[in-house]
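The values are calculated or read from the model by the stated rules, or taken from the named source; none is laboratory data. Computed from a predicted model, the values in this text were never measured in an experiment. Cβ placement follows ideal geometry from the backbone for every residue including glycine, while neighbour counts extend to all protein chains displayed. Remember, those area values only see protein heavy atoms, side chains included, never the ligands or the DNA or RNA. Shrake-Rupley method; radii C 1.70, N 1.55, O 1.52, S 1.80 Å.
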Amino acid sequence: RVVVAPLAAVVTAVVALTWWSRRRRRREEDPPARGRPPSVVIVFSGKRKSGKDYCADALLAAFPPTTAEIGRLSGPLKRAYARERGLDYDALLGATAYKERYRADMIAWGEARRAADPGYFARLVLAEATAPVLIVSDARRRTDLDYFFDVASATRVLTVRVEAADGTRAARGWVFAVGVDDAESECGLDDYAAWDVVIANEPERAADTAARIAEIARLALA
């Protein structure tokens, strides 16, 4: 009995410390909502080098100042991944060799997070939104779309697919990578067909791309 009491105390202390540590990490990674949810969420999807970031940036420029903002699901993912792995978060954000070096491991890490909580990263992006229109530039899975459809009940959701031929993507620097281009992060929405707008982002169709972006802005403000 002399041994059991201290052991019980140690176990209690370990449980309490673990709970406190998890709660602190949750507060750091899962910030509270900053205000009213956006009235419109525009969700972009597309393969690597299809030009989805370019289209999202062009759409942002089509709105009056302070009306819209861009939220990237990869933002909180990369922030949490960099913190856990001790990496350079800013270097992971750009189109750099540094990011490509860790891409496969980051994908696997993100999949593990999503398996435990499918709406984890989408929830963070929505919680951090401050503008009436939120442009999500990098949806990759059906669970990303489902979160905004199901959870953002007071929000109108528009979905956009950006497409480009493999040759066009290659001209922009895309090279097929095993474990990346055949993973769910690239293929998870290939079979989804209910897009509100589809943009064929080819060089010879620049005028059509601009018209599609103007159409999206009009729909969002309608």
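Numbers at a glance
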quantity: Those aspartates and glutamates that a straight Cα-Cα span of less than 14 Å connects to K52, excepting residues fewer than 8 apart in one chain; calculated: D138, E163, E186, E202
quantity: Segment R156-R142, extension gain: residue separation times 0.36 nm, minus the distance between their alpha carbons; calculated: 3.3 nm
quantity: Three-way shape call for the stretch 87-209 based on the alpha-carbon gyration tensor, with the a/c threshold at 1.5; calculated: oblate
quantity: Dipole magnitude of the stretch 42-87, debye to nearest 20 (Cβ charges: Lys/Arg +1, Asp/Glu -1, about Cα centre); calculated: 340
quantity: With every protein chain in place, the stretch 96-193: carbon and sulfur % of accessible area (1.4 Å); calculated: 55
quantity: Cut-off under 5 Å, modelled amide H: who pairs with V136 long-range; calculated: I42, V43, F44, G71
quantity: Two-site FRET efficiency, E128 against A177, from Cβ-Cβ distance with R₀ of 35 Å, rounded to 0.05; calculated: 0.70
quantity: Accessible area expressed per residue, the stretch 54-107, with surrounding protein chains retained (probe 1.4 Å, Å²); calculated: 52
quantity: Segment L219-E84, extension gain: residue separation times 0.36 nm, minus the distance between their alpha carbons; calculated: 44.6 nm
